[in-house]
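The values are calculated or read from the model by the stated rules, or taken from the named source; none is laboratory data. Note that the structure is a prediction, hence the values are computed from the model and not measured. Heads up, the Cβs are rebuilt from the backbone with ideal geometry, glycines too, and the neighbour counts pull from every protein chain shown. For accessibility, only protein heavy atoms count, side chains too; no ligands or nucleic acids. Shrake-Rupley method; radii C 1.70, N 1.55, O 1.52, S 1.80 Å.
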Amino acid sequence: MTHEEILQGLYDHTLIGNAPEVKDLVNQGLADGLGPESMLYDALIPSLEEVGARFERGDYFVPEMLIAARAMQGALDILRPLLAETGAKPIGTYVMGTVKGDVHDIGKNLVNIMLEGAGFTVYDLGVNVAPEKFVEMINEHQPDIVGFSAFLTTTMPMFKANINALQKAGIRDAVIVMVGGAPVTQEYADAVGADGYAADASTAVRLAKDLIEKRRSAVAV
């Protein structure tokens with residue numbers, strides 16, 4: 001196979017979530033001297049962006065997104081250490097967790113994979129994460145963004161508790177706060193003082209990039 005054929009195959013098979021084939025093609029690409037950055041930026045990321053676009057148009061639903069994301073995850077598991085060696089600079093750093101009292105993680109995991117696929121370094125704190133843990137991990141990893149996920153209306157008030165904890169620790173202004181989850185709305189995100197809200201994974205990635213760009217250009221001025 002030519003390098004072009006491998007890249008096209010990676011794009012096509014990620015799109016339909018054929019994880020074994022994606023892994024095989026990544027390994028074949030590496031054996032043939034195809035660079036890890038090329039596979040990521042010329043095939044895998046464009047494919048995942050197309051998955052996001054299809055989801056937004058209503059052609060894809062959560063199951064299709066999940067299997068495509070899992071195929072991407074398999075490729076990333078192989079490529080991540082190699083990308084680190086090449087010194088590929090991540091777009092940004094993201095700390096993510098499901099809030100205290102909530103153990104739902106499918107949505108969070110999907111966003112994490114999409115973020116990683118787009119070139120973010122992601123630290124996943126898991127589920128049922130206390131405000132103190134978020135504070136501790138933000139201090140440790142110095143992320144650009146922290147993401148709070150809630151699936152239940154009863155755990156959504158933890159967004160405000162988390163933001164209060166960041167304020168108390170003196171780090172609220174040091175990090176962008178994004179929130180999301182099935183019952184969450186833009187109005188609710190605004191009310192608790194979050195910087196961003198996304199209804200789905202592909203929007204979350206786009207918004208994360210926009211928010212980081214805005215912040216960096218504001219600092220540069």
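Residues of region 22-40 that are free of Cβ contacts under 8 Å to residues at least 40 places away in the same chain and either surrounded by fewer than 17 Cβ atoms within 10 Å (Cβ to Cβ) or among the acidic types (Asp, Glu) (or both): ASP24, GLN28, ALA31, ASP32, GLY33, SER38. Checked against the criteria, THR14 does not count as among the polar types (S, T, N, Q) and surrounded by fewer than 17 Cβ atoms within 10 Å (Cβ to Cβ). From the list PHE134, PHE55, the one residue that fits, being in the same structural domain as ASN27 (by TED's automatic domain parsing), buried (at least 17 other Cβ atoms within 10 Å of the Cβ) and aromatic (Phe, Trp, Tyr), is PHE55.
Taken as a whole, region 127-150 holds no residue that is of a type in the set (Phe, Trp, Tyr) and modelled with pLDDT under 95. Given the criteria closer than 14 Å to GLY97 by Cα, open to solvent by less than 20 Å² (accessible area, probe 1.4 Å) and not hydrophobic (A, V, I, L, M, F, W, C), does ASN128 qualify? No; evaluated as a whole, the condition is false for this residue. Considering each residue of region 107-114 in turn, none proves to be farther than 17 Å from VAL184 by Cα and open to solvent by 60 Å² or more (accessible area, probe 1.4 Å). One residue alone among ALA169, ALA189, ALA199 is open to solvent by less than 40 Å² (accessible area, probe 1.4 Å) and either of a type in the set (Gly, Ala, Ser) or not assigned by TED's automatic domain parsing to the domain that holds VAL122 (or both), and that residue is ALA189.
Going through VAL184, VAL205 one at a time, which residue ends up being touching a residue at least 40 places away in the same chain (Cβ under 8 Å) and buried (at least 21 other Cβ atoms within 10 Å of the Cβ)?
The conditions single out VAL205.
If you filter region 208-221 down to residues that are open to solvent by less than 70 Å² (accessible area, probe 1.4 Å) and in contact with a strand residue (DSSP E or B) (Cβ under 9 Å, 6 or more places away or on another chain), you find that the one that is nearest to GLU116 (Cα to Cα) is ALA208.
Which one of GLU56, GLU85, GLU64, GLU37 is of a type in the set (Asp, Glu) and closer than 16 Å to VAL205 by Cβ?
The match here is GLU56.
Before we move on, is GLU49 farther than 23 Å from SER149 by Cβ, open to solvent by 50 Å² or more (accessible area, probe 1.4 Å) and part of a helix (DSSP H, G or I)? No; evaluated as a whole, the condition is false for this residue. Within region 65-91, residues that are assigned by TED's automatic domain parsing to the domain that holds SER38 reach partners that are outside any helix (DSSP H, G or I) and open to solvent by 70 Å² or more (accessible area, probe 1.4 Å) with beta carbons closer than 9 Å, at six or more positions or on different chains, in the pairs ILE67/ILE16; ALA68/ILE16; ALA71/ILE16.
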